[in-house]
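J.: Handing you this structure, nothing more for now.
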Amino acid sequence: MGIIRICLIAFMLAILPSMPEAQNPANANYDESKVGSYTLPDPLVIGNGQRIEKRADWPARRREILELFASRMYGRTPATKTKIALREASRESRALGGLATRRELTVLLTGNADGPKMSLLLYLPNQRRGPVPVFLGMNFQGNHSVSSEPGIALASSWMRNDREGRVVRNRATEKGRGGEATRWPLETIIRQGYGVATIYYGDLYPDHPEGRAESVIARLGEAAGRSGSGDEWGALGAWAWGMSRGFDALARQTEVDARRVILLGHSRLGKAALWAGAQDQRFALVIANESGEGGAAIARRDFGETIERINTAFPHWFCANFKEYNRRPEALPFDQHMLISLIAPRPVYVASAAEDLWADPRGEFLGARGADPVYRLLGTDGLGATEMPGIHQPVTTTIGYHLRAGKHDVTLYDWEQYIAFANHHLGRP
Ligand code: GCU
């Protein structure tokens, strides 16, 4: 065996265990001229072929679309209402150098201390006149990763091992503090008068193919709905459900303006945020940062990630029925523009990054554009762009959009646009 081959094998063995998951397969299409043609289903044409023209007809069509996404893609969120209970785990009134009050709440998801729970970390600006709007978003590396403040409890649920020692034997360590802080510019957000709330997504569903056993779905028992059916919910459904329980918790805080809770998610959590915002109309505004395939990006476009890839790499994300579309996205009775349309007429923001080709920036833009007729039917200004805008030219109509320079991430630039968008559509705090 040649020395080069030995080195290559040694290198692969060294990096494989820490590679989060396979992506960017060499056979993905990144050539716009090879995307092929497709026809998008019309969100305003109902099942029997009639096109709706009146605002009053939308709620029925909306229910029809919601049902399709639940039964064919994300799986059904159980109808059983669970009533949460809250326990305050910690409080610090001089957090972030006195700018904010930091609170950790244990959310008992079934109201019962022996049942499933999640931890919600909340920062509230100390300078406030009355209840404040809050950005709510899940994080990937534990609540302790959004800031290096030592008082935040380490996440206790399963976490993917890494090579930096932030996670050892699938549990978070002290080294992970602040690990995701660049994605959560807390001081900037707080100074603008907004609160920030976050939850570790692994508290709801450990993100791996065998995660179900430890997930909230398993722990809810019968309340989780039928098990083993083609439309049974998976990880994305559970994360979306957790976002709604996060809302329940925020709505009980007197300092929070529950009419202005802004749901935000990045990447897989951007997919979950769109699904949560579609189902739960209490969210005033929804932001999908680089949500890609299964999020804002049009599935019929063969560019970057595909349905088959996502269902193969992440078999636990969607319901089993969705696998039927692996090689035939054109058979789907919807596309992702219709998911976005379920948020109408509430403001929604879709964001892409120019180098994030795996997520298909143009597909994300077209997802936003496809929702425009519904937003207009409901009396808003829809999306104020018919062509994809250039880099750093945000569109700030009721459907917002931007293409940022750079890679797959959440940056200060992204947050600055979200804050301005929220100020514009929901009023300055
Ligand atoms: C993978 C996956 C994407 C997802 C992303 C993320 O790249 O293929 O669908 O959005 O991970 O969550 O970061």
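The values are calculated or read from the model by the stated rules, or taken from the named source; none is laboratory data. Note that the structure is predicted; figures quoted are calculated from it, not measured. All Cβ positions, even for glycine, are placed from backbone atoms using ideal geometry, and neighbour counts span all protein chains on display. For accessibility, only protein heavy atoms count, side chains too; no ligands or nucleic acids. Shrake-Rupley method; radii C 1.70, N 1.55, O 1.52, S 1.80 Å.
J.: Determine which single condition Gly406 fails, assuming it passes every other condition in (1) over 26 Å from Phe69 (Cα atoms); (2) without any contact (Cβ under 8 Å) to a residue 40 or more places away in the chain; (3) within 16 Å of the ligand (Cβ to nearest atom).
T.: (2)
J.: Could I ask something else about it? Looking at the stretch 287-315, which of its residues are in a loop (DSSP other than H, G, I, E, B) and out of contact with any Ser or Thr (no Cβ under 9 Å at 6 or more places or on another chain)?
T.: Listed by number, the residues that qualify are Gly294, Ile298, Arg301, Asp302, Phe303, Gly304, Glu305, Thr306, Phe314, Pro315.
J.: Kindly indicate whether Ser229 is open to solvent by 10 Å² or more (accessible area, probe 1.4 Å), touching a strand residue (DSSP E or B) at 6+ places or on another chain (Cβ under 9 Å) and within 14 Å of the ligand (Cβ to nearest atom).
T.: Taking the combined requirement at face value, the residue does not satisfy it.
J.: Now a separate question. Against the definition (more than 14 Å from the ligand (Cβ to nearest atom) and over 23 Å from Gly202 (Cα atoms)), how does Ser244 come out, yes or no?
T.: In short, no.
J.: Kindly indicate whether Glu210 is under 23 Å from Ile310 (Cβ atoms), open to solvent by 40 Å² or more (accessible area, probe 1.4 Å) and in contact with a Phe, Trp or Tyr (Cβ under 8 Å, 6 or more places away or on another chain).
T.: Spelling it out, it is not the case that Glu210 is under 23 Å from Ile310 (Cβ atoms), open to solvent by 40 Å² or more (accessible area, probe 1.4 Å) and in contact with a Phe, Trp or Tyr (Cβ under 8 Å, 6 or more places away or on another chain).
J.: Those residues that are surrounded by 21 or more Cβ atoms within 10 Å (Cβ to Cβ), not in a helix (DSSP H, G or I) and not aromatic (Phe, Trp, Tyr), I need them from the stretch 233-256; list them, please.
T.: Selection gives Gly234, Val256.
J.: Next question, about the same structure. Mind listing whichever residues of the stretch 279-310 are more than 12 Å from the ligand (Cβ to nearest atom) and either under 20 Å from Thr396 (Cα atoms) or of a type in the set (Lys, Arg) (or both)?
T.: Arg282, Phe283, Ala284, Leu285, Val286, Ile287, Arg300, Arg301
J.: Only one of (1) modelled with pLDDT under 95; (2) under 30 Å from Ala238 (Cα atoms); (3) surrounded by fewer than 12 Cβ atoms within 10 Å (Cβ to Cβ) is not met by Arg63, so which one is it?
T.: Arg63 satisfies every listed condition except (1).
J.: Name the residue, out of Met159, Met138, that is crowded, with 21+ Cβ neighbours inside 10 Å and more than 22 Å from Asp257 (Cα to Cα).
T.: Result: Met159 is the single residue among Met159, Met138 that is crowded, with 21+ Cβ neighbours inside 10 Å and more than 22 Å from Asp257 (Cα to Cα).
J.: What is the one condition in (1) free of Cβ contacts under 8 Å to residues at least 24 places away in the same chain; (2) buried (at least 16 other Cβ atoms within 10 Å of the Cβ); (3) closer than 26 Å to Tyr123 by Cβ that Gly176 does not satisfy?
T.: Condition (1) is where Gly176 drops out.
J.: Assuming Ala223 fulfils every condition listed in (1) away from the ligand (no atom under 16 Å from the Cβ); (2) crowded, with 18+ Cβ neighbours inside 10 Å; (3) of a type in the set (A, V, I, L, M, F, W, C) apart from one, which condition is it?
T.: Single failed check for Ala223: (2).
J.: So which residues in the stretch 25-75 are basic (Lys, Arg), under 28 Å from Glu308 (Cα atoms) and over 26 Å from the mean Cα position of the chain (by Cα)?
T.: Lys34
J.: Further, regarding this structure: Answer yes or no: is there a residue in the stretch 359-373 that is within 22 Å of the chain's Cα centre (by Cα), assigned to a strand (DSSP E or B) and away from the ligand (no atom under 16 Å from the Cβ).
T.: Within the stretch 359-373, none of the residues are within 22 Å of the chain's Cα centre (by Cα), assigned to a strand (DSSP E or B) and away from the ligand (no atom under 16 Å from the Cβ).
J.: Which ones in the stretch 298-325 are aliphatic (A, V, I, L, M) and within 19 Å of the chain's Cα centre (by Cα)?
T.: Within the stretch 298-325, Ile298, Ala299, Ile307, Ile310, Ala313 qualify.
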